[in-house]
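Report on the structure given below.
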């Protein structure tokens, strides 16, 4: 799960090395527990049948309950059960862990920071210039470029995407050409936990995923298809200008 | 309550798609490179609904109309009543020659019987060609390469769409 860079920036002066260590230790703890790549992790024990969910840790049970709730909320598009019958909750754990780490900093009295794990971001307060955090949406076709800038306060920003040719939707009346293939979907939500889980589910819905986000109160989305055409929800653009 | 709201959203998306499919009469087939169905080719499959039309089995409160997904047969089908935000919604579709020829609403949130189709139309979302931005940013949001969870979620959704 955590084969990804984690970045935390704290603007507030009283942050120490210890503060950052606590944040990264928390992610390490989550990785130890939830990584399906680790033979010693709790999730691996569950998948091997050597640990029953009922005997698992409270954290594990909370995560499974949230995954089940998300599955219901997305009509089955969010599902941690893999085709071979194993469980992989990483589609939810990452956003949840970022949110928990942000709450940990809040509890310590920090006001102005962000936490970024693999491109999913929880900002808080303002940046070093005293302005809103400016979050670029990466160009899925050119990794070094941004194609949009979002200005956020406490909103979580999550992007789901793939560089693997996963799904194709064909129009049989148009010579079986793929008509739409979604490569990137960014969701802005009330926090990174909710933005991430709904981004994962909406991405799985294909082109209609943006309509799912459109109908979710408090969420905005920006979807990019293989032809480099973006579709945005009606309220998305209010995030593209910094607040005066 | 929230799950009912989302169920409503999915129903609305489904209805909007049905209307779109009906108007354009251009069947759209959903498939994967690995998906093979010896009994039908994409051209004869007929309209295939977007994956939003299939709910997980054993999930009656949020299930959308039980129209077959990959192979529509001629007839008139009425879906289960679903909670659609402001009231109940029920959809009836008529299939002729594998294509949707009519969509009606025995129950709709607006008036409890035959509703206005336009009442369910989604807003037309703004589109643009993506272009590089030069504005300074503090952080970058992008998909990680190890999108295994996504792949699995997607596989799960497509498995439902084919069932």
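Picking from A:115, A:121, A:147, A:135, which residue would you name as being facing another protein chain (nearest Cβ under 7 Å), within 13 Å of the chain's Cα centre (by Cα), modelled with pLDDT of 95 or more and assigned to a strand (DSSP E or B)? Don't jump to the end; show me each part of the working.
Details: A:115 fails: facing another protein chain (nearest Cβ under 7 Å); A:147 fails: within 13 Å of the chain's Cα centre (by Cα); A:135 fails: within 13 Å of the chain's Cα centre (by Cα).
So the residue among A:115, A:121, A:147, A:135 that is facing another protein chain (nearest Cβ under 7 Å), within 13 Å of the chain's Cα centre (by Cα), modelled with pLDDT of 95 or more and assigned to a strand (DSSP E or B) is A:121.
The criterion of being over 15 Å from the mean Cα position of the chain (by Cα) and modelled with pLDDT of 85 or more holds for residue A:152. Being more than 28 Å from residue A:21 (Cα to Cα), assigned to a strand (DSSP E or B) and at pLDDT below 95 is the requirement here; does residue A:163 meet it? In short, no.
Within the range A:216-235, identify whether any single residue is buried (at least 24 other Cβ atoms within 10 Å of the Cβ), at the interface with another protein chain (Cβ under 9 Å from one of its Cβ atoms) and farther than 23 Å from residue A:139 by Cβ, and answer yes or no. Looking for residues that are buried (at least 24 other Cβ atoms within 10 Å of the Cβ), at the interface with another protein chain (Cβ under 9 Å from one of its Cβ atoms) and farther than 23 Å from residue A:139 by Cβ, one finds none in the range A:216-235, hence no. Scanning the range A:176-204 for residues that are touching a helix residue (DSSP H, G or I) at 6+ places or on another chain (Cβ under 8 Å) and surrounded by fewer than 24 Cβ atoms within 10 Å (Cβ to Cβ), which turns out modelled with the lowest pLDDT? By that ranking, first place goes to A:176.
Just give me the residues in the range A:202-215 being more than 7 Å from chain B (Cβ to nearest Cβ) and within 26 Å of residue A:93 (Cβ to Cβ), in sequence order.
Restricting attention to the range A:202-215, the residues satisfying the condition of being more than 7 Å from chain B (Cβ to nearest Cβ) are A:202, A:207, A:209, A:213.
Within the range A:202-215, A:202, A:209, A:213 meet the criteria.
The values are calculated or read from the model by the stated rules, or taken from the named source; none is laboratory data. Nothing here was measured: the structure is a model prediction, and the numbers come from that model. Cβ sites come from the backbone with ideal geometry, for glycine too, and all protein chains shown count toward neighbours.
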